[in-house]
Amino acid sequence: MKLVKHAAIGSVLGLAASAFSINALAQTSVQVSGTIDVYAGATKNSGDARSTSGVNSSGMETSWWGFKGREELGGGLQAHFALTGFIRPDVGAAGRFNGDSMFSRDANVGLSGSFGRVSLGRDLAPNFIPTLTFSPFGGSFAFSPLELHTQTPSGSYRGQAWSPTVSGDTGWSNEIMYVMPKLGGFTTSLFLQLGEQAGNSGKNNYGANTMYESGPLSFGAYFQSVKVNNPLDAVVSGDSQVFTFTPYNQVTGATYALAASKNDTWFVGGAYDLQFMKLFGTLNYSTNRLIGAANDSQYDLKSNTVQLGVSAPAGRGSVLFSWARTNVKADGDFSAVLGGSGVKSSIVRNTASLGYDYFFSKRTDVYSVVSYDKLTDQSSGVSFGVGIRQRF
């Protein structure tokens, strides 16, 4: 009888332990996920001396992998974390480039509930969600004209690589990010990146964005002010160089470099889904504060980018088209440093991309894209790629 009683008690305790374990698992979740994107093709941006053929990563989306977790704390309160990093599957290397930090995509922990969501660590920059949402090419930093102009060092003129007109990267380190509860269809987020420089408490990045969607219409906007580079800023004291531009003399070839310690950007974008096609449009406007009192007082450096695009369903995929035009301009008198004639203090860039993205499933798609690129006074460039993307 004792053996039966002990066995019964053991069974009850075992069932209770199992129930507790199942309940604990139901309250906590950890997910391993990512995207592998590789394409083959040739790249020649405007101003490049020649095209470069090869197999590259991240044609339609930057390849990444990592961990995300969430725990129910009760009363609608949740704890969450994210540790995700970019990778280059074409060479098996970590990061988007040499020197990129291990978890430069996400490295944060936070809480969410009826008050919204707050996170600490490395998280999104204000520009990320609006930029990707209102480009037909989404997160393609290789082929999307909007990202090529505002986020990617690509093409060259007068010996200088094109400087992305929106500074500070798409993610910010040392950040406090707060996502407000949805109000009237709008989701608004606030961002603050601390520069962490002793005696220089004003060297921070800050911004806000808002997103709205109702039926076929979606709308978004952001503002951000950048003084700190990401994912790592090598300047430990004083101003950082967050944007550069090089006016030049077309006759003599003389150049004059301008460097900015602050980059402010305003952005509005929208999309409308007509079912048989979806229309996209965006407008960026950026101003810069130059390094050096003389430059700051003599020259006014700014840029603007307009982008229009469309996506149209075709079979099991979509035809994608996007065009962007950027004008970078430095107003001021350059006669003393570049001479009185033939001075070029503005650059115009036009880029157009046409592609087709075919989905075998929700996780796997193949794509092909061709892009045309043209900078003022530079030879045009044509790039193309054929690739495959797989999500897990």
Sorted by Cβ neighbour density within 10 Å, fewest at the top, the residues Tyr358, Tyr222: Tyr358, Tyr222
Using alpha-carbon coordinates, inclination of helix 2-27 to the longest axis of the chain, degrees: 20 degrees
Structure-based [θ]222 nm, the chain - -39500 (n - 2.57) summed over DSSP H runs of at least 4, per residue, nearest 500: -3500 deg cm²/dmol
Whether segment 29-391 is rounded, prolate or oblate, judged on the alpha carbon gyration tensor where a/c under 1.5 counts as rounded: oblate
Least to most buried among Arg96, Arg325 (fewest other Cβ within 10 Å first): Arg325, Arg96
Cross-link pairs beyond the 27 Å C-alpha cut-off, checked among Lys44/Lys278; Lys44/Lys344; Lys278/Lys362; Lys182/Lys329; Lys278/Lys302; Lys68/Lys182: Lys44/Lys278; Lys182/Lys329; Lys278/Lys302
Neighbour-count order for His149, His80, fewest beta carbons within 10 angstrom listed first: His80, His149
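Restricting to Cα pairs below 8 Å that are 6+ residues apart, what does the relative contact order work out to for the chain? Please round to a whole percent.
Values: 1038 pairs, mean separation 58.1, N = 392.
Once divided by the residue count of the chain, the mean separation gives 15 percent.
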Net charge dipole size for segment 274-392 [Lys, Arg +1 and Asp, Glu -1 on Cβ; Debye, nearest 20]: 620 debye
Net charge over other residues, Cβ less than 9 angstrom from the Cβ of Gly171 (K, R count +1; D, E count -1): -2
Whole-angstrom gap from segment 47-101 to segment 178-237, using each part's C-alpha centre: 20 Å
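Going by average Cβ neighbours within 10 Å, how do the peptides 61-68, 339-346 rank, with the highest at the top?
Going from most to least packed, we get 61-68, 339-346.
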Summed side-chain charge close to Gly116 - residues other than Gly116 whose Cβ falls under 15 Å, Lys, Arg +1, Asp, Glu -1: +1
Projected label distance in nm at Lys302 and Ser156, using a 7 Å step from Cα toward the beta-carbon: 3.1 nm
Which of Gln390, Ala254, Phe128, positive extreme of dipole for the chain (C-beta unit charges): Gln390
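Which net charge results when you count Lys and Arg as +1 and Asp and Glu as -1 among the other residues whose beta-carbon is under 12 Å from that of Arg158?
Once all neighbours under 12 Å are counted, the net charge is 0.
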Positive-end residue of Phe81, Ala293, Gly139, charge dipole of the chain with Cβ unit charges: Phe81
Cβ-based charge dipole, segment 29-391, positive-most Cα from Gly110, Phe243, Ser380: Ser380
For the chain, size of Cβ-based charge dipole, Lys and Arg +1, Asp and Glu -1, in debye: 760 debye
Where labels lie 7 Å past Cα in the beta-carbon direction, separation of Phe186 and Ala40 in nm: 5.0 nm
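Readers should treat all values here as calculations from the given coordinates under stated rules, not as data from a laboratory. Since the model is a prediction, treat every value here as computed from it, not as a measurement. Methodologically, a virtual Cβ is constructed for each residue, glycine included, from the backbone with ideal geometry; neighbour enumeration extends over all protein chains shown.
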